[in-house]
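The values are calculated or read from the model by the stated rules, or taken from the named source; none is laboratory data. Not measured: the values here are computed from a predicted model. All Cβ positions, even for glycine, are placed from backbone atoms using ideal geometry, and neighbour counts span all protein chains on display. Remember, those area values only see protein heavy atoms, side chains included, never the ligands or the DNA or RNA. Shrake-Rupley method; radii C 1.70, N 1.55, O 1.52, S 1.80 Å.
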Amino acid sequence: EAQVTQNPRYLITVTGKKLTVTCSQNMNHEYMSWYRQDPGLGLRQIYYSMNVEVTDKGDVPEGYKVSRKEKRNFPLILESPSPNQTSLYFCASSTQRTGGSLGYTFGSGTRLTVV
Amino acid sequence: AQSVAQPEDQVNVAEGNPLTVKCTYSVSGNPYLFWYVQYPNRGLQFLLKYITGDNLVKGSYGFEAEFNKSQTSFHLKKPSALVSDSALYFCAVREDSNYQLIWGAGTKLIIKP
């Protein structure tokens, strides 16, 4: 089944403790992206990647890092999480940055709570 | 600057009635418009998009959307609502010359039996 897999689904952590949210897609998509979803704000892009070793900042990159060493994986790293990073995070992939003919495929989300 | 607005936080519709979820946008160039749906505890799913051509776009699950250039709108519609249509709906827009996708805040659609 074509899908984007995120792990973990739920995570509660403490301020300052480094964490990584993994994202993997099995569709050979070039484009991958991370979003955070907050009530009343819709989706805001954190980082995106056009292909292996090519990443760029989105709208809200502060406090986050990413890497794209393999085409299928695009982990999101929070080096020193803070409470304002408590949010619902989504990874998405597509054949193109524009969404291609089938739009973006989203993962099921990671609900992160930083206390 | 690009922007998209979903003026209704929530829309309530009785099962079997037609539904409309509103979206208006602002771009400098030609718009590319998208609708996505998010079911509880799930990721977003692509419903439909408008790039060019016919103003009425048909998508998944019986949904359609009408592009209106003069009113800068892209409202999502369905002739007969189902309880299973209850979900959060997002509109998104980008310009043809700009890859950045801008998302609306979302509209919660509640279909009552």
Task: Residue match in the stretch B:7-17 (condition: surrounded by 13 or more Cβ atoms within 10 Å (Cβ to Cβ), of a type outside the set (A, V, I, L, M) and within 11 Å of chain A (Cβ to nearest Cβ)) - done: no
TODO: Determine which single condition A:T5 fails, assuming it passes every other condition in (1) within 13 Å of the chain's Cα centre (by Cα); (2) away from every other protein chain (no Cβ under 11 Å); (3) modelled with pLDDT of 95 or more.
DONE: (2)
Task: Whichever residue in the stretch B:48-74 is open to solvent by 80 Å² or more (accessible area, probe 1.4 Å) and part of a loop (DSSP other than H, G, I, E, B) and, among such residues, is nearest to the other protein chains (Cβ to nearest Cβ) - done: B:T52
Task: Positions within the stretch A:18-45 being assigned to a strand (DSSP E or B), away from every other protein chain (no Cβ under 13 Å) and open to solvent by less than 60 Å² (accessible area, probe 1.4 Å), in sequence order - done: A:L19, A:V21, A:S24, A:M32
Task: Residue check for B:Q45: surrounded by fewer than 19 Cβ atoms within 10 Å (Cβ to Cβ), polar (S, T, N, Q) and part of a strand (DSSP E or B) - done: yes
TODO: Give the residue that is farthest from the other protein chains (Cβ to nearest Cβ), with candidates limited to residues of the stretch A:80-106 that are at pLDDT 95 or above and assigned to a loop (DSSP other than H, G, I, E, B).
DONE: A:S80
Task: The one condition in (1) in a strand (DSSP E or B); (2) open to solvent by 40 Å² or more (accessible area, probe 1.4 Å); (3) hydrophobic (A, V, I, L, M, F, W, C); (4) within 13 Å of chain B (Cβ to nearest Cβ) that A:I12 fails to fulfil - done: (4)
